[in-house]
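The values are calculated or read from the model by the stated rules, or taken from the named source; none is laboratory data. All values reported here derive from a predicted model rather than from experimental measurement. Quick reminder, even Gly has a Cβ in these numbers, built from the backbone with ideal geometry, and neighbours come from all protein chains shown. The accessibility values were calculated without ligands, DNA or RNA, using every heavy atom of the protein model including side chains. Shrake-Rupley method; radii C 1.70, N 1.55, O 1.52, S 1.80 Å.
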Amino acid sequence: MNKINLEVGQTLIVELDGESVLGRLCHVASGRSFIRLENVRDLATNDLQGNQCYYNSEIRSIQIVEGGERTAQSNDEGTGEETTPTTLPVKQLTLESLNNAIDKIQLCLYIHQLDSRYHDSIRFLKKQTTIAMAMEGVELGRHSKSPSLLSIATNSKIFIFDIKLIRITNDMKELLSSDRYLRVLYNGRFVRDALQYKFNIVLGRCFDIMVGHIAICKAYPAMATQQAIATISDTPFEACVAHYLQLPPNFFDKSITYELRPMRDNVKREAAKHVAFLLALQKHFVNEIMLEPFYRSCDQYMNSLACVSDPIDCLRETVSDGSSAVTAVEPFSLAIPLGNEINETR
């Protein structure tokens, strides 16, 4: 743990073997042989664990979430060696965003019959414009034997529809196909294939996180070879989300099966994880990567008047036709950052 600057009061994510916990650092032992956290919470179950001590030998990585410079340190079997930082653009979730996501996961609404909860959920979802979605049991597309769950998330709630028991209703079909909604999902080709050939539903307009991930990777020469791109296209959802939002790798449980009924609470939570972060990731891709040149041009245009310090020159600029401000706007495309540079179409 000598590779990271730990200070009392920081909020940390500590990755252990088999679990990840969130807590506030209240003590660092002499020689940093162990740390003590207060108000510890299991990130997978949301269970509170009180105050806990964790020894260096059992800690796989530490990530500072709040109260210090955001960075991460990993131990390779307790050696304390620091991992090489990634060059791909990432976005650390704020503590508030992480807590909100965990609360949504914990309070996800599981719907397995057409009762009042179902109708209330549909009414709520039809008022949305952008939703995140995922389907369990469609890993082989139309060849999948038994699609199991349809999970839909908004900024405040997560709904899990058991389509193995209630199938896909006409209300759900509208949510999946109408262009009134923008759907955010990951690796949607399997979802679309399953919906089209097993349910006769054509999936409407979508923002596919995997497509954004592939486009970003292609912008980096070291990753743009045909073999590398083929590997990137097989990136599991869990690894992609964990990378961009800096979640601990064992936040997700890949051993979960979605076929058994009745549905256990830990299975519902795992399904909820597959949609809980998609809207945050889509916002990151659009606003901080794809549209970054556009926002930069907006700033240049708006600053073309404010940057004039002389009052007379400012007045002259105010009554002008604005041609100098237009000239200041640089051409741009929906670019992906290449290192510290932006690819621009000129």
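Checking 4, 64 one by one, the residue that is part of a strand (DSSP E or B) and in contact (Cβ under 8 Å) with a residue 24 or more places away in the chain is 64 and no other. For segment 269-305, a residue qualifies if it is at pLDDT 85 or above, surrounded by fewer than 23 Cβ atoms within 10 Å (Cβ to Cβ) and touching a strand residue (DSSP E or B) at 6+ places or on another chain (Cβ under 7 Å), and the qualifying residues are 279, 282. Based on this model, can you work out whether residue 171 counts as closer than 23 Å to residue 281 by Cβ and open to solvent by 10 Å² or more (accessible area, probe 1.4 Å)? When the stated conditions are applied, residue 171 does not pass them. Inspection of segment 242-260 finds a residue satisfying the criterion of being over 20 Å from the mean Cα position of the chain (by Cα), of a type in the set (Phe, Trp, Tyr) and more than 20 Å from residue 214 (Cβ to Cβ).
For segment 123-157, a residue qualifies if it is of a type in the set (A, V, I, L, M) and open to solvent by less than 10 Å² (accessible area, probe 1.4 Å), and the qualifying residues are 125, 131, 132, 133, 138, 149, 150, 152, 153.
Taking first residues from segment 186-207 that are within 10 Å of residue 135 (Cα to Cα) and partners that are among the basic types (Lys, Arg) and open to solvent by 70 Å² or more (accessible area, probe 1.4 Å), the Cβ contacts under 7 Å between residues at least 6 apart in sequence or on separate chains come to 194/142. Taking each residue of segment 133-155 that is farther than 19 Å from residue 282 by Cα and looking for partners that are among the small types (Gly, Ala, Ser) and open to solvent by 20 Å² or more (accessible area, probe 1.4 Å) with beta-carbon atoms closer than 7 Å, six or more apart or interchain, yields 137/146.
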